[in-house]
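**Student:** Take a look at this one; I'll ask things after.
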Amino acid sequence: MSTVPDDLRYTKEHEWLKPAGDGTALVGITDYAQESLGDIVFVELPKPGAKFAAGASFGVVESVKAASDLYMPVAAEVLEVNSSLESMPELVNQIPYGGGWILKVRLVDAKSVGQLLDAAAYRQLI
Amino acid sequence: MTDALSRTPLYEWHLRHGARMVPFAGWEMPVQYTGILEEHRATRTAAGLFDVSHMGEALVSGPQAVEFLDQVATNRLADLAVGRARYTLLCAPDGGVVDDIIVYRTGPQAFLLCLNAGNTPGDVAWLQSQAAKFDCVFRDASADYAQLALQGPHAVEIAMRLAPATVRLTDVPRFSFVEIVLSGTSILASRTGYTGEDGFEFYLPPDQASAFADALLKAGADLGLKPCGLGARDSLRLEAGLPLYGHEISREISPLQAGLGWAVKLDKPGGFIGRDVLAAEAAAQPARRVVFFILDDRRMARADMVISANGKPAGKVLSGTLSPVLNQPIGSALVERGALDSGAMLTVDIRGAAIPLRLAKPPLHKPA
């Protein structure tokens, strides 16, 4: 029922990563994740320039019911955060793979993406 | 605990209406249908329909029914008129809260009690043991009732559409009830609720709950009635400043600390269980108090986060969520009296940031 696009990579913690091919990537949370969380009312974002190890918590997404940590899929540096989420956190619910993206990052090692789940493996997980 | 979850008579109805089901107090309950924010706003601006069949019910009758209830309840019940309902706490001998309940007087010697779902087994054991000392009969009747709450500014109008022309539901006062036939179903309709809005709570036979819920939804469709889950029920009650057992009141948080002294009649003839401890606490002033607050921030305070006064720990958060009406974080906290009396600036530690608490008097969604 939840959408899992074929061209993205995934984590077990329900983040997605979309490599641009130039060593950068977009990061967000999956349709399954936003559906489970319910109405998202606040996203706590890191500052551009911040560096995170694979699996490190880079922010928090708050629904009406609870706060949940966001985890960096692979080692990366934050280039840009989606500033639209400040006034419209509901974009994460509405378009999780589009306008609801959370970070633009520079990958420390472009090959690390290979360690992430592909769409078929993520579908198995959910 | 591997016990299977209980299901209300509306389980299939919830699935049919697209509910997301979650475990709550031993029950499989709808947390939301379309979304907590939308359901919350529907209840504040139009009307919401809630399945609260997980709540427990008990019946008390007999010559000493009222003496028994006045012994276990903190509020006074002897003067409760037939057809009226009253909120009360049940306390343990040490003054801790066993449960908060509504007592309905259905006859001179007959009462219906509405109990919290998670507390029902404990309440039944406790009340049974106390009832044995009186000439009365106590019975757990939870399986005999479904319960639906219809809440919001249009709730009474919607209920009226199902009532015979001779019954004027608008004339039923707050905390009163009538036993009537609505949409062919025999119902106890009580002008009470847990949202801070006008409306009714309906007690009805379980096998008719699904058809009655459908009839209500149909009757209220043009007025914006929506099915609402436990998520909205919780954010509505917190905005309204209504206590939730296990959060604002518990075995550890007394009614006086919770600001519910109005429901504790220390001078009641014959006293009541827990009275002496509560009287001593009242005389000495409670050492800590439940307060409600608004945050001028986007981050939300959540249960168990630490409250500080001038940087020193002085309490903890009991409940926290977003107020969908204010679009700001709101919550309740248990704070030491010294910190409150000193006027010190209170903060809540949210992931390492000290966010100032703005104390506010409920209803939080209606700024003073």
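**Student:** What residues does segment B:303-322 have that are buried by at least 30 Å² of accessible area in the full protein assembly compared to the chain on its own, 1.4 angstrom probe?
**Tutor:** Buried by the other chains: B:Leu322.
**Student:** Assign unit charges at the C-beta atoms only (+1 for Lys and Arg, -1 for Asp and Glu), then state the dipole size of chain B relative to its Cα centre in Debye, rounded to the nearest 20.
**Tutor:** With only Lys, Arg, Asp and Glu charged at Cβ, the dipole is about 860 debye.
**Student:** While we're here: Treating only the Cβ of Lys, Arg, Asp and Glu as charged (+1, +1, -1, -1), what charge dipole size does segment B:287-363 show about its Cα centre? Round to the nearest 20 debye.
**Tutor:** 80
**Student:** Same structure, new question: Would you be so kind as to identify which of B:Leu322, B:Leu150, A:Gln115 lies farthest towards the positive end of the dipole of the protein assembly as shown, taking Lys and Arg as +1 and Asp and Glu as -1 on Cβ and the Cα centre as origin?
**Tutor:** B:Leu322
**Student:** Here is a further query. If R0 is 60 Å, what FRET efficiency do you get for B:Leu223 and A:Ala75 from their C-beta distance, rounded to 0.05?
**Tutor:** 0.65
**Student:** Per residue, what accessible area does the protein assembly as shown have, given a 1.4 Å probe and all protein chains present, in Å²?
**Tutor:** 42
**Student:** To the nearest 10 square angstrom, how much accessible area does A:Lys18 have with a 1.4 angstrom probe?
**Tutor:** 90
**Student:** If you add up the charges near A:Val105, with Lys and Arg at +1 and Asp and Glu at -1, over every other residue whose beta carbon is less than 14 angstrom from its beta carbon, what do you get?
**Tutor:** +1
**Student:** With a ≥ b ≥ c the root eigenvalues of the C-alpha gyration tensor of the protein assembly as shown, is it rounded (a/c under 1.5), prolate (a/b larger than b/c) or oblate?
**Tutor:** prolate
**Student:** Going by the alpha-carbon gyration tensor, a ≥ b ≥ c the square roots of its eigenvalues, is chain B rounded (a/c under 1.5) or, if a/c is not under 1.5, prolate (a/b greater than b/c) versus oblate?
**Tutor:** Oblate, because a/c is 1.5 or more while a/b does not exceed b/c.
**Student:** May I ask which residue of B:Val82, B:Val60, B:Met160 lies farthest towards the positive end of the charge dipole of segment B:1-160, with charges of +1 (Lys, Arg) and -1 (Asp, Glu) on Cβ and the Cα centre as origin?
**Tutor:** Comparing the listed Cα positions along the dipole, B:Met160 ranks first.
**Student:** So what is the relative contact order of segment A:9-107, in percent, for Cα pairs below 8 Å that sit 6 or more residues apart?
**Tutor:** Computed value for segment A:9-107: 32 percent relative contact order.
**Student:** Could you sort out which of A:Lys18/A:Lys111; A:Lys12/A:Lys104; A:Lys18/A:Lys47; B:Lys312/B:Lys361; A:Lys65/B:Lys226 sit more than 22 Å apart by Cα distance in this structure?
**Tutor:** Distance filter (> 22 Å) returns B:Lys312/B:Lys361.
**Student:** Okay, next question. Per 5 Å bin, what percent of the C-alpha pairs of segment B:171-322 does each bin hold, from zero upward?
**Tutor:** Reading upward from the zero bin: 2, 7, 12, 15, 15, 13, 12, 11, 8, 5, 2, 0, 0.
**Student:** At 222 nm, what helix-only mean residue ellipticity would the protein assembly as shown give, in deg cm²/dmol to the nearest 500, using -39500 (n - 2.57) for each DSSP H run of four or more?
**Tutor:** Computed ellipticity for the protein assembly as shown at 222 nm equals -5500 deg cm²/dmol.
**Student:** How high is the relative contact order of segment B:171-287? Use alpha-carbon pairs under 8 Å, at least six apart in sequence, and give a whole percent.
**Tutor:** Worked out over segment B:171-287, it gives 15 percent.
**Student:** What are the aspartates and glutamates whose alpha-carbon lies under 14 Å from the alpha-carbon of B:Lys265, with same-chain residues fewer than 8 places away excluded?
**Tutor:** In chain and number order, the partners are B:Asp70, B:Asp79, B:Asp276, B:Glu281.
**Student:** Separate question: At a 1.4 Å probe radius, carbon and sulfur cover how many percent of the accessible area of segment A:9-107?
**Tutor:** 50
**Student:** To continue, here is another question. How high is the relative contact order of chain B, in percent, with contacts defined as C-alpha pairs under 8 Å that are six or more residues apart?
**Tutor:** About 18 percent, as a whole number.
**Student:** For B:Gln130 and A:Ala110, what does the FRET efficiency come to when R0 = 60 Å and r is the distance between their Cβ atoms, rounded to the nearest 0.05?
**Tutor:** 0.25
**Student:** In addition: State to the nearest 20 debye the size of the charge dipole of segment A:9-107 about its Cα centre, where the only charges are +1 on K and R beta carbons and -1 on D and E beta carbons.
**Tutor:** 360
**Student:** Would you mind telling me the share, in percent, of accessible area of segment B:215-368 contributed by carbon and sulfur at probe 1.4 angstrom?
**Tutor:** 54
**Student:** Here's something else I'd like to know. Which distance in Å, rounded to a whole number, links the C-alpha centroids of segment B:1-60 and segment B:136-159?
**Tutor:** 14
**Student:** For segment B:260-323 and segment B:64-130, what is the centre-to-centre distance using only Cα atoms, to the nearest Å?
**Tutor:** Cα centroid to Cα centroid, the span is 22 Å.
**Student:** Let me ask another. Compute for chains A and B the buried accessible surface, both sides summed, probe 1.4 Å, and express it in Å² to the nearest 100.
**Tutor:** In total, chains A and B hide about 1300 Å² from solvent.
**Student:** If the convex hull of the alpha-carbon atoms of segment B:56-143 is projected onto planes in all directions, what is the mean projected area in square nanometres?
**Tutor:** 5.0
**Student:** Considering protein heavy atoms only and a 1.4 Å probe radius, which residues within segment A:29-45 exhibit an accessible-area decrease of no less than 40 Å² in the full assembly relative to the chain by itself?
**Tutor:** Flagged in segment A:29-45: A:Asp39, A:Val41, A:Phe42, A:Glu44.
**Student:** Something else: So, counting K/R as plus one and D/E as minus one, what does the shell of residues with Cβ under 15 Å around B:Phe177 add up to?
**Tutor:** +1
**Student:** Here is a follow-up. What residue among B:Thr88, B:Thr43, B:Thr166 has the largest mean-square fluctuation in a Gaussian network model of chain B, using Cα springs under 10 Å?
**Tutor:** Highest fluctuation of the listed residues: B:Thr166.
The values are calculated or read from the model by the stated rules, or taken from the named source; none is laboratory data. Model, not experiment: these values are computed from the prediction. Counting neighbours? That spans all protein chains shown, and the Cβs are built from the backbone with ideal geometry, glycine included. Accessible surface is based on the protein model in full, side chains and every heavy atom, while ligands, DNA and RNA are left aside. Shrake-Rupley method; radii C 1.70, N 1.55, O 1.52, S 1.80 Å.
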